[in-house]
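In what follows, a structure is listed as structure tokens, so that the remarks can point back to it.
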Amino acid sequence: MILLNLLIRGLITGAIYSLTSMGIVLILSTTLVMNFAQGDMGMLLAYFAFFMLARQIPYPVVFAIVILIGILLGFLFEKYLMSRARKTSHLGMVMITLALTMIFEGFVGYTFSTMPLLFPKAISGDPLQIFGVIIDKHDLFTFIVSIIIVIVLFIILYKTKIGIAARSLAEDEFGARILGIPINSIYLFIWMAAFAIAGVSGILVAGRQTLEPHFMVVIQLKGFMAAVLGGMNSIIGSVLGGFLLGMIENLVSFYIPQIKDSFSLILIVLVLLFLPQGIFGKREVRRA
Amino acid sequence: MLKIEELYVSYGPVEAIHGISIEVKEKEIVSILGSNGAGKSTILKTISGILKPKKGVITLNNKVINDLDPSQIVKMGVTHIPEGRHIFPNLTIKENLILGGYFLKENEVKKQMDYVINIFPILKERLNSKAGSLSGGEQQMLVIGRGLMSKPKLLLLDEPSLGLSPKLVSTIFETLKTLNHSEFLPILLVEQNAKKALQISDRSYILVNGKIVLSGKSEDLIEKEEVKKLYLGR
């Protein structure tokens, strides 16, 4: 029973890792930019959400508004920063995302103070008990929303033209360009999607802990690890890697609490040493 | 329909194309021959908008297309089938084809896909397998099929014979000939395989170091002593 409890909680933590790692891999595989700002974009949007919730705006409405702001910020970010940086330097684009984290953390700390704030849960009340497994209602909500987001993103990536085009960009940019695929619109779409996802995970994580300027840093790191674990070039891998990391972490911290904090780092070193493509990473299926 | 006048193209400070003029008329197959590095691919990339000309004018049906980006040029009916295949190996064959017809409407995509599958039946049974699992020759067919998805009015074809067995090369060239004869699709072909290209094309240009040194009807060129010696190995 303890084992089941641990696994279920691991799945819930994993769902959060999955969202972030999916955002990171979506950007990385298509634009080759390591996006350090995925977590902190969620942090910024969670603050917006906090002040809307404090004004009694209902949760679902706040959710929708945050997603829209995420989409808008993604649009502005690609249109006015990344598309210009892309012409000059690739490293510059990575540095911009890093700078963004500092700007966001500074902005939030300066404007709203760095004091931890208690973020309301989506669903409050006593935890549920299902077949002996104890689940917090907000956690259940977190899990369901994450799954929905993952499914929606996969439908977009595999069933719509713009999604297929985004995946083609991850494979062969020149090939996509020569077909006339409007690459700049695809980049816009990708950043909009990534920052919308960031907003969702920001709210979900904030509801499980307190809101403060650095609360997404750990999640960003775990999202990155989940991506390494699952495979940096595979979006499916990034999602599964997130769930896997969540579960393994939960088990280890219960049975071997001494290595709780260092464990995921050890895991990443091992993965990079012995399975550098990640567990689900694609080996190129290319014949000469 | 396509007219290139006094075209100069450079990569940074290095000029690769030094003032060439090429024309492709309706229903024609025109080939550009030349060795590696002569600038053949550069010309095609400039027509399709990937590269920008330094000087000169490119017109399509009397409209200047110099400053258009690749999407706009594809929409005008010019499809560039690049050298080195550039398929998307981890996408399915169907997805590869869908992307070829990016600007078609939903119902047109289906129709055009049937048309392409009809030309290359080998793609039919494998629509849902990954493109990377195809053999080299099949991949070349996929690339041509993907190019045809956009309903081109002019086909720019870069080295379709590269790395293929002689038998496959013949198959591919047969297909191109059929397309040209039955649908009057004009083709601008870039080839190192001079013999094949001269046989299939109506007119040819011979490119050396970014300049056109010889041009004319392919049937005349194939008889010329210097062409024989330099390009046909006889």
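Could we say that residue A:155 is under 18 Å from the mean Cα position of the chain (by Cα), surrounded by fewer than 23 Cβ atoms within 10 Å (Cβ to Cβ) and away from chain B (no Cβ under 14 Å) here? If you could, list the steps in order and put the result at the bottom.
Details: under 18 Å from the mean Cα position of the chain (by Cα): yes; surrounded by fewer than 23 Cβ atoms within 10 Å (Cβ to Cβ): yes; away from chain B (no Cβ under 14 Å): yes.
In short, yes.
Show the residue pairs meeting these rules: Cβ distance below 6 Å; 6+ apart or different chains; first residue within region B:213-233 and at pLDDT 90 or above; second residue hydroxyl-bearing (Ser, Thr, Tyr) and not in a helix (DSSP H, G or I).
B:215/B:205; B:218/B:201; B:218/B:204
Evaluate region B:47-68: report whether one residue or more is closer than 20 Å to residue B:205 by Cβ, at the interface with chain A (Cβ under 8 Å from one of its Cβ atoms) and surrounded by 21 or more Cβ atoms within 10 Å (Cβ to Cβ).
So far as region B:47-68 goes, yes, one or more of its residues are closer than 20 Å to residue B:205 by Cβ, at the interface with chain A (Cβ under 8 Å from one of its Cβ atoms) and surrounded by 21 or more Cβ atoms within 10 Å (Cβ to Cβ).
Just name the residue that is surrounded by the fewest Cβ atoms within 10 Å (Cβ to Cβ) out of those in region A:205-222 that are out of contact with any helix residue (DSSP H, G or I) (no Cβ under 7 Å at 6 or more places or on another chain) and assigned to a helix (DSSP H, G or I). Write out each step before concluding.
First pass over region A:205-222, keeping only residues out of contact with any helix residue (DSSP H, G or I) (no Cβ under 7 Å at 6 or more places or on another chain): A:209-210, A:212, A:218, A:221.
Pick out the ones that are also assigned to a helix (DSSP H, G or I) and you get A:218, A:221.
Values: A:218: 12, A:221: 16.
For region A:205-222, the residue satisfying everything is A:218.
Return only the number of the condition from (1) more than 30 Å from residue B:107 (Cβ to Cβ); (2) surrounded by fewer than 20 Cβ atoms within 10 Å (Cβ to Cβ) that residue B:204 does not satisfy.
In the conditions (1) more than 30 Å from residue B:107 (Cβ to Cβ); (2) surrounded by fewer than 20 Cβ atoms within 10 Å (Cβ to Cβ), residue B:204 misses (2) alone.
Do you know which residues across region B:112-145 are among the aliphatic types (A, V, I, L, M), within 13 Å of chain A (Cβ to nearest Cβ) and either surrounded by fewer than 17 Cβ atoms within 10 Å (Cβ to Cβ) or touching a Phe, Trp or Tyr at 6+ places or on another chain (Cβ under 7 Å) (or both)?
B:131
Mind listing just one residue for me: the one in region A:25-56 that is assigned to a loop (DSSP other than H, G, I, E, B) and either free of Cβ contacts under 8 Å to residues at least 40 places away in the same chain or among the aliphatic types (A, V, I, L, M) (or both) and, of those, surrounded by the most Cβ atoms within 10 Å (Cβ to Cβ)? Spell out how you get there, then give the answer.
From region A:25-56, those assigned to a loop (DSSP other than H, G, I, E, B) are A:32-37, A:55-56; that's our starting set.
Next cut, either free of Cβ contacts under 8 Å to residues at least 40 places away in the same chain or among the aliphatic types (A, V, I, L, M) (or both) only: A:32-34, A:37, A:55-56.
Values: A:32: 13, A:33: 21, A:34: 16, A:37: 27, A:55: 8, A:56: 6.
So, considering only residues that are assigned to a loop (DSSP other than H, G, I, E, B) and either free of Cβ contacts under 8 Å to residues at least 40 places away in the same chain or among the aliphatic types (A, V, I, L, M) (or both), the one surrounded by the most Cβ atoms within 10 Å (Cβ to Cβ) is A:37.
Pairs only if they're at least six apart or on different chains, beta carbon under 6 angstrom, first in region A:11-23 and assigned to a helix (DSSP H, G or I), second buried (at least 24 other Cβ atoms within 10 Å of the Cβ) and acidic (Asp, Glu); list them, first residue then second.
Listed by first residue and then by second, the contacts come to A:12/A:139.
Return the only residue of A:232, A:225 being among the aliphatic types (A, V, I, L, M), modelled with pLDDT under 95, surrounded by fewer than 24 Cβ atoms within 10 Å (Cβ to Cβ) and not in a loop (DSSP other than H, G, I, E, B).
A:225 is the lone residue from the list that is among the aliphatic types (A, V, I, L, M), modelled with pLDDT under 95, surrounded by fewer than 24 Cβ atoms within 10 Å (Cβ to Cβ) and not in a loop (DSSP other than H, G, I, E, B).
Do you know which residues across region B:181-193 are surrounded by 15 or more Cβ atoms within 10 Å (Cβ to Cβ) and out of contact with any Lys or Arg (no Cβ under 7 Å at 6 or more places or on another chain)? Walk me through it before giving the result.
We begin by selecting, within region B:181-193, every residue surrounded by 15 or more Cβ atoms within 10 Å (Cβ to Cβ); these are B:185-193.
Selection gives B:185, B:187, B:188, B:189, B:191, B:192, B:193.
How many of the residues making up region B:146-193 are of a type outside the set (D, E, K, R), within 13 Å of chain A (Cβ to nearest Cβ) and either free of Cβ contacts under 8 Å to residues at least 24 places away in the same chain or under 16 Å from residue B:116 (Cβ atoms) (or both)?
Residues that pass the stated criteria total 7.
If I go through region B:89-105 residue by residue, how many of them are at the interface with another protein chain (Cβ under 9 Å from one of its Cβ atoms) and in a helix (DSSP H, G or I)?
5
Going by what's in this entry, would residue A:246 be described as in contact (Cβ under 8 Å) with a residue 12 or more places away in the chain, assigned to a helix (DSSP H, G or I) and either within 14 Å of chain B (Cβ to nearest Cβ) or loosely packed, with under 13 Cβ neighbours inside 10 Å (or both)? Let's see the steps before the verdict.
Details: in contact (Cβ under 8 Å) with a residue 12 or more places away in the chain: yes; assigned to a helix (DSSP H, G or I): yes; either within 14 Å of chain B (Cβ to nearest Cβ) or loosely packed, with under 13 Cβ neighbours inside 10 Å (or both): no.
In short, no.
Looking at region A:158-167, which of its residues are aliphatic (A, V, I, L, M) and more than 7 Å from every other protein chain (Cβ to nearest Cβ)? Can you show your working first?
First, the residues of region A:158-167 that are aliphatic (A, V, I, L, M): A:162, A:164-166.
Listed by number, the residues that qualify are A:162, A:166.
Quickly run through region B:36-75 and pick out the residues that are β-branched (Val, Ile, Thr) and in contact with a Pro (Cβ under 7 Å, 6 or more places away or on another chain).
As a first pass, look at region B:36-75 and keep what is β-branched (Val, Ile, Thr): B:42-43, B:46-47, B:50, B:57-59, B:64-65, B:73-74.
Once the filter is applied, which keeps residues that are β-branched (Val, Ile, Thr) and in contact with a Pro (Cβ under 7 Å, 6 or more places away or on another chain), region B:36-75 yields B:46, B:50.
Note down all Cβ pairs under 9 Å where the first residue falls in region A:168-194 and is within 14 Å of chain B (Cβ to nearest Cβ) and on the phi > 0 side of the Ramachandran plot, the second is outside any helix (DSSP H, G or I) and among the aromatic types (Phe, Trp, Tyr), and they're at least six residues apart or on different chains.
A:180/B:102; A:180/B:103
Out of B:177, B:196, report the one residue that is among the charged types (D, E, K, R), buried (at least 16 other Cβ atoms within 10 Å of the Cβ), at negative phi and within 16 Å of the chain's Cα centre (by Cα). Walk me through how you get there before you give the answer.
Numbers: B:177 fails: buried (at least 16 other Cβ atoms within 10 Å of the Cβ).
Just one listed residue meets the conditions, B:196.
Restricting attention to region A:137-160, report how many residues are in contact (Cβ under 8 Å) with a residue 24 or more places away in the chain and not in a helix (DSSP H, G or I).
0
Is region A:204-221 home to any residue that is aliphatic (A, V, I, L, M) and within 21 Å of residue A:29 (Cβ to Cβ)?
yes
The values are calculated or read from the model by the stated rules, or taken from the named source; none is laboratory data. Since the model is a prediction, treat every value here as computed from it, not as a measurement. Virtual Cβ from ideal backbone geometry, glycine too; neighbours counted across all protein chains shown.
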